[in-house]
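A.B. asks: Below are the structure tokens for one structure; questions will follow.
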Amino acid sequence: MGENPISIHVLGICSALAITTKIDTAVVMTIAVVAVLSISNVVISLLRNNIPNKVRIIIQMSVIASLVIIADQVLKAYMYDMSKLLGVFLGLIITNCIVLGRAEAYAMQNSPSKALLDGMGNGLGYGTILIAVAFFRELFGFGSIYGAQVITNQIYLGGYENNGLMILSPGAFFILGLIVWAHRAYTETSDKD
Amino acid sequence: MRSDTYTIVFTTIVTVVLGLGLSVTADSLRERQSINEELDIKKNILSVLGFSLSSDWENDKIQSLYEQNINEFIVDKTGSILSSIESSNSDNYTIYQSRENDKVTGYAIPIAGKGLWGTMYGYFAIEPDAETVKGITFYRHKETPGLGAEVDKEWFQNNFIGKKLIDTNGSLVSVEVVKGYVSSTDPKSMHKVDGISGATITGKGLTNFLKNDLQKYEPYLSKVRKLNQIESL
């Protein structure tokens, strides 16, 4: 709880802004990140005693990059519409500092089973925030939750309008800021207990 | 500290293993991916030509609908229909003709050109009279969500329907995306559609490449119009 990659370490913000206009894209992104992060952590951890120190970052990058490309290819083959929506951002998991960060900081020192749990935990922590941001953006930007319209036509006829700002990146900044604030305020008070 | 030789050997092995893994994955998935891409194009052509598609349709259903109703052919810059053998020549253009019960119901042509952030790709459909707009869709673009990306929205696309491509003299004027709203008193309102506020450059780009693409097909379309005239006499 105190170690969430986005709200505490402020990592992975770029993708958090880009793919959170709808919940379904956020969910698929989460699954992809959890998969890439867990597998890369396990692979790096298995190799940790053999990787020459001089080239370790390059080796980590190659493992991560290969996994991301595989994830991208699989999505293109089995979920074509979704891969069109995620576009370039799936490929950008490579540059998501969470993945390389966990490989370097955790997987290089710990056993594969621990690294797997670490990867899944961080991936899900990242995903929770993504989905939370997407929930608010989709609700206020499109009036729907997971594709189901919750704000009915009657409310629109009553003068309600979807908030266009929520669909644009600034909307994500505001919501992300509020979430980071709320999370930190909460963890701070619980630290004092 | 490990020796340099070890570093080189290790790196080589990792690279080879990863490279092998990637090529195996890419190769085994290629067939499925190209099926998806083709299907996506077919979906777009069908929807621009006014076939209503449901998102939960099986691939086979779309495939058979396409095969039954769409007739693809290639025309050259003089407007003559070419047999597919000559299709390696660059000056020829594909037309997707929709037919229902042996009657032509429309023509779709691919359109592409620069928007604000990148190339926009889509299809433009014309009624069998070869002068009235039947529809427009986009399947790939990089325009700003909420602004230029409104080109995907129904309100924008529906504005095109019923507009005229040619003037009373029979020459091509295409359809222009204006800044703001089209005034109803404008004598040329048949060739204009409302713009998207905040997306002037997207609209201008669309106006330009639409006209450009229509010009390539004009020789063929004018032949269709002449033929229609003769038939109606």
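The values are calculated or read from the model by the stated rules, or taken from the named source; none is laboratory data. On a predicted model such as this, the values are computed, not experimentally measured, just so you know. Positions of Cβ are generated from backbone atoms using ideal geometry, with glycine treated the same way; all protein chains shown enter the neighbour counts.
So that you can scan it fast, the table gives a plain yes or no per residue for (1) in a loop (DSSP other than H, G, I, E, B); (2) away from chain A (no Cβ under 13 Å); (3) within 30 Å of B:Q215 (Cβ to Cβ); (4) hydroxyl-bearing (S, T, Y):
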site: B:T15; (1), (2), (3), (4): no, no, no, yes
site: B:G19; (1), (2), (3), (4): no, no, no, no
site: B:E67; (1), (2), (3), (4): no, yes, no, no
site: B:I74; (1), (2), (3), (4): no, yes, yes, no
site: B:G79; (1), (2), (3), (4): yes, yes, yes, no
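A.B. asks: Let me ask you something else. Please work out if B:R2 is at the interface with chain A (Cβ under 10 Å from one of its Cβ atoms), surrounded by fewer than 16 Cβ atoms within 10 Å (Cβ to Cβ) and closer than 30 Å to A:I44 by Cα.
C.D. replies: Values: at the interface with chain A (Cβ under 10 Å from one of its Cβ atoms): yes; surrounded by fewer than 16 Cβ atoms within 10 Å (Cβ to Cβ): yes; closer than 30 Å to A:I44 by Cα: yes.
Yes, satisfied.
Each row is one residue, and each column tells you yes or no for (1) more than 14 Å from chain B (Cβ to nearest Cβ); (2) over 20 Å from A:S7 (Cα atoms); (3) surrounded by 17 or more Cβ atoms within 10 Å (Cβ to Cβ).
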| site | (1), (2), (3) |
| --- | --- |
| A:G87 | no, yes, no |
| A:I93 | yes, no, yes |
| A:N96 | yes, no, yes |
| A:M108 | yes, yes, yes |
| A:P112 | yes, yes, no |
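A.B. asks: Being in contact with a helix residue (DSSP H, G or I) (Cβ under 7 Å, 6 or more places away or on another chain), free of Cβ contacts under 8 Å to residues at least 24 places away in the same chain, over 16 Å from A:V43 (Cβ atoms) and of a type in the set (G, A, S) is the requirement here; does A:S62 meet it?
C.D. replies: The answer is no for A:S62.
A.B. asks: Now, a different point. Might you let me know whether the range A:49-56 holds any residue that is under 19 Å from the mean Cα position of the chain (by Cα), free of Cβ contacts under 8 Å to residues at least 60 places away in the same chain and assigned to a helix (DSSP H, G or I)?
C.D. replies: No, the range A:49-56 has no match at all.
A.B. asks: Applying the selection to the range B:172-217, what residues are aliphatic (A, V, I, L, M) and in a loop (DSSP other than H, G, I, E, B)?
C.D. replies: B:V173, B:V175, B:V178, B:V182, B:I196, B:A199
A.B. asks: Looking at A:G159, A:G171, which one is in a helix (DSSP H, G or I) and out of contact with any His (no Cβ under 6 Å at 6 or more places or on another chain)?
C.D. replies: A:G171
A.B. asks: Restrict the check to the range A:52-67 and report whether at least one residue is under 24 Å from A:T128 (Cβ atoms), of a type in the set (A, V, I, L, M), modelled with pLDDT under 90 and buried (at least 20 other Cβ atoms within 10 Å of the Cβ). Give the steps one after another, and end with the answer.
C.D. replies: In the first step, residues of the range A:52-67 are kept if they are under 24 Å from A:T128 (Cβ atoms); the result is A:64, A:67.
Adding the requirement that they be of a type in the set (A, V, I, L, M) leaves A:64, A:67.
When the remaining residues are screened for being modelled with pLDDT under 90, the result is none.
No, the range A:52-67 contains no residue that is under 24 Å from A:T128 (Cβ atoms), of a type in the set (A, V, I, L, M), modelled with pLDDT under 90 and buried (at least 20 other Cβ atoms within 10 Å of the Cβ).
A.B. asks: Just checking, which of B:L116, B:L46 is outside any strand (DSSP E or B) and either free of Cβ contacts under 8 Å to residues at least 60 places away in the same chain or in contact with a strand residue (DSSP E or B) (Cβ under 6 Å, 6 or more places away or on another chain) (or both)?
C.D. replies: Within the list B:L116, B:L46, the selection yields B:L46.
A.B. asks: Pull up the range B:156-209, narrow it to residues that are exposed (fewer than 15 other Cβ atoms within 10 Å of the Cβ), of a type outside the set (G, A, S) and out of contact with any helix residue (DSSP H, G or I) (no Cβ under 9 Å at 6 or more places or on another chain), then point me to the one that is farthest from B:D129 (Cα to Cα).
C.D. replies: B:Y181
A.B. asks: Quick check on my filter: what residues within the range B:143-198 are within 14 Å of chain A (Cβ to nearest Cβ) and β-branched (V, I, T)?
C.D. replies: B:T144, B:I196
A.B. asks: If the requirement is being in contact (Cβ under 8 Å) with a residue 12 or more places away in the chain and farther than 12 Å from A:T21 by Cα, which of these qualifies: A:G127, A:G158, A:G141, A:G147?
C.D. replies: A:G127
A.B. asks: What are the residues in the range B:160-171 that are out of contact with any Leu (no Cβ under 6 Å at 6 or more places or on another chain) and not in a loop (DSSP other than H, G, I, E, B), if any?
C.D. replies: B:F160, B:K164
A.B. asks: Of (1) among the β-branched types (V, I, T); (2) out of contact with any Lys or Arg (no Cβ under 7 Å at 6 or more places or on another chain); (3) within 11 Å of another protein chain (Cβ to nearest Cβ), A:V42 satisfies all except one. Which?
C.D. replies: (3)
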